[in-house]
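Have a look at the structure below, then the notes.
Rule-based calculations on the coordinates, nothing more; no lab input. Treat the numbers as computed from the prediction; the structure is a model and nothing was measured.
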Amino acid sequence: MFSVFFRKWLIAVLLGVLMPVLAWAANLRVVHIGDSHVFSKIFPRSAHARLNQRLGGGVTYQQVSKPGAYLADFLNQRSVNRVAAMNPNLIVVSIGTNESYAPNFDAPKFRADMRRFMAMYKPICKAIVFTTMPGNYKHGRINPKGRQIADIQMSMAGDLGYWAYDLYAAAGPAYWRNGGMMDRRGVHFNAKGYSLQGQMLGDWIADNVMG
């Protein structure tokens with residue numbers, strides 16, 4: 001009798017824990033914010049497809065993106081209102097490439113911009129994932145600012161209360177170039193590169209945010 005009672009109690013507890021997650025997974029509404037990597041559409045479409053595959057469908061996925069964008073470009077009420085109108089329950093932010101090419105990159109300002117972003121967007125969506133840039137090249141060599149910016153994003157994750165996916169560490173710029181997935185300058189990616197990055201992002205969200 002005790003074992004039967006225990007099994008029923010355990011099932012009830014597990015359902016109480018899992019049902020909110022399962023309900024969210026069935027109604028996942030993602031807004032992907034970013035620069036030209038997101039604007040390419042291949043990256044977010046691939047992430048969307050992988051999430052639907054992993055979560056059994058029902059995922060909606062929209063984007064707000066701009067070629068050449070910096071994080072600061074989204075720190076305005078117009079952008080906040082646009083994202084809020086999409087009613088997301090998960091925001092993904094893929095940013096950092098253009099900052100890494102800025103000749104006067106200001107690390108303290110970038111940290112301040114991240115704090116402002118969270119202050120502006122968290123009231124409309126508490127679940128936010130920052131993805132680091134995948135890495136790039138400058139004058140034929142790996143751009144060291146890419147890793148610097150990724151480190152800032154990763155180190156601030158806990159303090160600001162968001163998830164962070166280190167796409168840079170997951171592969172690295174040499175992986176993309178040696179695999180024939182980058183353009184000649186080592187800045188953007190071809191369809192194969194963006195598709196793989198989207199699959200990696202979808203898997204990471206499924207395992208770490210929805211898991």
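Between ASN87 and ARG184, what is 0.36 nm times their sequence separation minus the Cα-Cα distance? Round to one decimal in nm.
Numbers: separation 97, 0.36 × 97 = 34.92 nm, distance 3.84 nm.
That works out to 31.1 nm of additional length.
Comparing GLY140, GLY96, GLY198 in a Gaussian network model of the chain where C-alpha atoms under 10 Å apart are linked, the largest mean-square fluctuation is found at GLY140. Would you mind giving the three semi-axes, in whole Å and largest first, of the ellipsoid equivalent to the range 38-131 according to its Cα gyration tensor? Sorted largest first and rounded, they come to 24, 17, 11 Å. Stokes-Einstein diffusion for the range 123-174 at 25 °C, viscosity 0.890 mPa s, with a Kirkwood radius from C-alpha pairs, works out to 209 µm²/s. Principal axis extents of the Cα atoms in the range 29-208, from largest to smallest and rounded to whole angstrom, are 42, 39, 27. Rounded to the nearest 10 degrees, the inclination of helix 144-160 to the longest alpha-carbon principal axis of the chain is 30 degrees.
Within the listed set ASN178, ASN143, ASN52, the Gaussian network model of the chain (springs between alpha-carbon atoms below 10 Å) gives the highest mean-square fluctuation for ASN178. In terms of its C-alpha gyration tensor, the range 171-211 comes out prolate, because a/c is 1.5 or above and the ratio a/b outweighs b/c.
DSSP beta bridges in the chain, what fraction antiparallel, as a percent rounded to 5? Walk me through the numbers before you get to the answer.
On the way: 3 of 21 bridges.
Close to 15 percent.
The angle between the Cα long axis of helix 107-121 and the longest principal axis of the Cα atoms of the chain comes to about 40 degrees, rounded to the nearest 10. Taking VAL80, VAL93, VAL38 in turn, the Gaussian network model of the chain (Cα-Cα springs below 10 Å) assigns the largest fluctuation to VAL80.
Grab the eigenvalues of the alpha-carbon gyration tensor for the range 78-146, scale each by 5, take roots, and send me the semi-axes largest first in whole angstrom. Write down the numbers at each step before the final one.
Working: eigenvalues 152, 36, 18 Å².
For the range 78-146, the ellipsoid semi-axes come out as 28, 13, 10 Å.
Dividing the Cα radius of gyration of the range 98-184 by its Kirkwood radius returns 1.01 for Rg/Rh. Only helices enter this figure: runs of n ≥ 4 DSSP H residues, each worth -39500 (n - 2.57), summed and divided by the residues of the chain, yield -17000 deg cm²/dmol at 222 nm to the nearest 500.
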